[in-house]
Amino acid sequence: MNLHDSLKKVTNISSVVMGLASILFMIYGMQTNLFTSKNALHGFLSQFGLWAPIIFILFQLIQVVIPIIPGGISLLAGVLLFGPVYGFIYNYIGIVMGSVIAFLLAKYYGTSLMEKLFGKKRMLKYMNWTENAKFSKLFAFAIVMPIAPDDFLCYLAGTTKMRFKYFLTTIILAKPLSIAAYSFGLNFIMGQLIGLIN
């Protein structure tokens, strides 16, 4: 088994494991009122003490660099665990840091790394974007949109001649909009679902 196949297998297995873990955590949270009771939430987070935000930020950073689970799930987790304000801040910090690392990794390793992480078919689907003279503007617009494949686009931008300063400015200014839309939108939906169950 070559490196590409091994990395793809590890990524697929990790995706399944993290997906199941996320579902189990949601079930656990609903059974223990973790998402509806401040006391239950405080008790859960107190187990980790001051490390709780740092652990979550690192988790967000890793899930951007190694796209194991859908970003929407981890964004929702941040809001549910820390509340809308701190959840948004921790989501933002982790995602910005992860996005920067993804960009720099792509600058160094090129399209070969992208192919290993995302597959050749998906990579080729978006590579024609980089041939567009307005790619930088398209990138900025896509980062604002909540439904865009942000993690992939950060890697893709790293394979172009885009300057790091432009990339960083775009991520810092545009990311809050998509993170807020995801975080608060999913938080609202989750609240409605919990209301229906209760």
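How much FRET efficiency would the formula 1/(1 + (r/R0)^6) give for Leu24 and Phe188, where r is the Cβ-Cβ distance and R0 is 35 Å, rounded to 0.05?
0.90
Compute the Cα gyration tensor for the range 63-161, then decide on rounded, prolate or oblate, letting a ≥ b ≥ c be the square roots of its eigenvalues: rounded whenever a/c is under 1.5, prolate when a/b is larger than b/c in the other cases, and oblate in all that remain.
Prolate shape, in that a/c is at least 1.5 and a/b is the bigger ratio.
Run the paramagnetic zone check for Ala180: 7 angstrom along Cα to Cβ, then residues of the range 108-146 with backbone nitrogen under 14 Å.
144-146
Rank these for me by crowding, Lys175, Lys161, going from fewest to most other beta carbons within 10 Å.
Ordered by Cβ neighbours within 10 Å, fewest first: Lys161, Lys175.
Quick note: the coordinates plus some simple rules give every number you see, no bench work behind them. Predicted model, so just to flag it, every value in this text is computed and none were measured. FYI the Cβ positions are ideal-geometry reconstructions off the backbone, even for glycines, and counts take in every protein chain you see.
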